[in-house]
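Asks: One structure is given below, represented as structure tokens, and several questions about it will come after.
The values are calculated or read from the model by the stated rules, or taken from the named source; none is laboratory data. Given the structure is predicted, the values throughout are model-derived calculations rather than measurements. Note that we place each Cβ from the backbone using ideal geometry, even for glycine, and neighbour counts take in every protein chain shown. Note: areas computed on protein heavy atoms with side chains; ligands, DNA, RNA excluded. Shrake-Rupley method; radii C 1.70, N 1.55, O 1.52, S 1.80 Å.
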Amino acid sequence: MRLSRRNIIEAMALTPLVGAVPACKKKNNGIVIGAYLSMTGGEAEFGISTRNGVQIAIDEINARGGLLGQQLRLVVEDDRGDSTEAASAVTRLIDREGASVIIGEVASSLSLSGGRVAQRRRVPMVSPSSTNEDVTRVGDYIFRVCFIDPFQGAVMARFAKELQVAGAPVQKVAIFRDEASAYSTGLARSFRETFTRLGGEIVDEQSYRKGDTHFSAQLSGMVAKAPHAMFVPGYYTEVALIAREARSAGFTGPMLGGDGWDAPALFRNDDDKLVGSYFSEGFAPDHPTTAVGQRFVAAYSQKYHSDANGLAALGYDAMVVSADAIRRANSKEGPAIRAALAATANVEGATGRISIDAERNAVKGAVILEVRENAFRFHRAIEAQ
Ligand code: PHE
């Protein structure tokens, strides 16, 4: 088809709007909170728990009259755990839905991808739970309400060093990481640094990729090095399978991990092979330390008939911190909300009191959870550094 002037004008009319959102789009339809999350696929439990937590905060805020005299409206885009999808989800939330704030992602690799879009469009993004250090370095519009992996890895390395297995201290650890995940490789690095600095030895380090279902080749090599414990900084779907294969390969020691283990599917699918293993998180629903946390746990089980977890609590906190910033900014425009987010101090969330530092991170403590047959149990709390 030859493009006449008329064709070009028609084609332009059909082109979806890109770039900055015209001010008229943001009027009169409430304040749009855009969340991009994995609602389907191997990380679906991350998205569902987070969405539920965000929704509880929105319900509470709307019941009190909303913000700036308007109701909040949550729009969720499913990125299916894929980083290309994550970028288009953020594009849609901003360009089509007129989101004032973006909440997401959980997985750090996806926050790195979606964050670049939010940064370019000058719409602030608050990640509830992406812990990789680089996420907030994408730019000055990117914030988070969780701790970061240099802290989390050090917490687990110190915990490993203090563990006793059959009366003997843990001296040798093998690491099994997801090489395609920014979270997993970063957390492995920080664990290794602290564990070796404390005098421990990393006897082997192997890798897999998200979506793998067979791990025995790597695991048999690792078990042959006789580690006392294994550090597996991955997500629940693969970790449950890895645990089963590690036991088949003859590994009997504790397995250790990070917040990526925190989904009920972990204890549902591990065939009890992770009972007695430990991981770090930002919140223990059986040990909430604040009144807001206790109320959140009760509200969650009342609304969803299941237990809250760290993801849900951090989703709630991402929304509470965003709402506090919108209120102080007295605006639904990105630059004003960004400035208010950067000044966040002492906001009471479900996971504790949240202040945002100069790197746009929250300074938080950690908890260590123990895996039981049908639940995770609070084991110990570790203070922020
Ligand atoms: N911290 C993980 C990441 O950055 C995501 C995660 C957080 C997963 C909390 C489960 C629970 O990729």
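Asks: So if I take the centroid of the Cα atoms in region 209-252 and the same for region 25-104, what is the distance between those two points in Å?
Replies: 35
Asks: Length gain on complete extension for the stretch T213 to Q294, per 0.36 nm per residue less the alpha carbon to alpha carbon distance? Intermediate values should be presented prior to the final figure.
Replies: Details: separation 81, 0.36 × 81 = 29.16 nm, distance 3.79 nm.
Between T213 and Q294, full extension yields an extra 25.4 nm.
Asks: Something else: When the expected Rg is taken as 2.2 N^0.38 Å, what fraction or multiple of it is the alpha-carbon Rg of region 108-171? Provide the component values of the computation, followed by the final result.
Replies: Values: Rg = 16.7 Å, N = 64, 2.2 N^0.38 = 10.7 Å.
Here the Cα radius of gyration is 1.56 times the empirical estimate.
Asks: For the chain, what is the accessible area per residue in Å², given a 1.4 Å probe and the full set of protein chains? Let's see the in-between values first.
Replies: On the way: 15880 Å² over 385 residues.
I get 41 Å² per residue for the chain.
Asks: Of the residues A336, A174, A107, which exhibits the maximal mean-square fluctuation in a Gaussian network model of the chain defined by a 10 Å Cα contact cut-off?
Replies: Judging by the Gaussian network model, the answer is A336.
Asks: While we're looking at this one, here's another question. What is the chain's relative contact order, in percent, from Cα pairs under 8 angstrom and six or more apart in sequence?
Replies: Details: 852 pairs, mean separation 64.1, N = 385.
After rounding, I find 17 percent.
Asks: Using the Cα centre of the chain as origin and beta-carbon charges of +1 (Lys, Arg) and -1 (Asp, Glu), tell me which of V275, A44, M156 is placed farthest towards the positive end of the dipole.
Replies: Of V275, A44, M156, it is A44.
Asks: Under the Karplus relation 6.51 cos²θ - 1.76 cosθ + 1.60, θ = phi - 60°, what is the ordered set of whole-Hz ³J(HN,Hα) values for region 49-64, x standing for Gly and Pro?
Replies: Calculated HN-Hα couplings, in order: 4, 5, 4, 4, x, 4, 4, 4, 5, 5, 4, 4, 5, 5, 5, 8 Hz.
Asks: Using the per-residue mean of other Cβ atoms lying within 10 Å as a proxy for protection, in what order, highest first, do the peptides 155-161, 286-292 fall?
Replies: Details: 155-161: 21.9, 286-292: 15.6.
The most tightly packed comes first, giving 155-161, 286-292.
Asks: Given +1 on the Cβ of Lys and Arg, -1 on the Cβ of Asp and Glu, and no further charges, what dipole in debye does the chain carry about its Cα centre, rounded to the nearest 20? Before the final figure, lay out the partial values.
Replies: Details: 44 positive and 44 negative charges, 282 e Å.
Charge dipole of the chain: 1360 debye, to the nearest 20.
Asks: Multiply the residue gap between D59 and A343 by 0.36 nm, knock off their C-alpha separation, and tell me the result in nm, one decimal place. Display every interim value, and only then the final one.
Replies: Numbers: separation 284, 0.36 × 284 = 102.24 nm, distance 2.47 nm.
Result for the pair: 99.8 nm of gain on full extension.
Asks: Compare the Cα positions of A229, G98, P169 along the charge dipole of the chain (+1 at Cβ of Lys, Arg; -1 at Cβ of Asp, Glu; about the Cα centre) and return the one farthest towards the positive end.
Replies: Value computed over the given set: G98.
Asks: A further question follows. Rounded to the nearest 5, what % of the DSSP beta bridges within the chain are antiparallel ones?
Replies: If I count the DSSP bridges inside the chain, around 35 percent turn out antiparallel.
Asks: Does region 184-237 come out rounded, prolate or oblate by the C-alpha gyration tensor, with a ≥ b ≥ c the root eigenvalues, rounded set by a/c under 1.5 and, if not, prolate when a/b is larger than b/c and oblate if not? Could the numbers behind the result be given before it?
Replies: On the way: a/c = 2.71, a/b = 1.34, b/c = 2.03.
Note, shape of region 184-237 comes out oblate.
Asks: Something else: Length gain on complete extension for the stretch D140 to S355, per 0.36 nm per residue less the alpha carbon to alpha carbon distance?
Replies: That pair, D140 and S355, stretches by 75.8 nm at full extension.
Asks: What does the C-alpha gyration tensor say about the overall shape of region 190-269? Classify as rounded when a/c is under 1.5, otherwise prolate if a/b is larger than b/c, or oblate.
Replies: Details: a/c = 1.81, a/b = 1.29, b/c = 1.41.
Here region 190-269 falls in the oblate category.
Asks: If I compute solvent accessible area with a 1.4 Å probe over the protein chains, what percent of it on the chain is carbon and sulfur?
Replies: Numbers: 7800 of 15880 Å².
Carbon and sulfur: 49 percent of the exposed surface of the chain.
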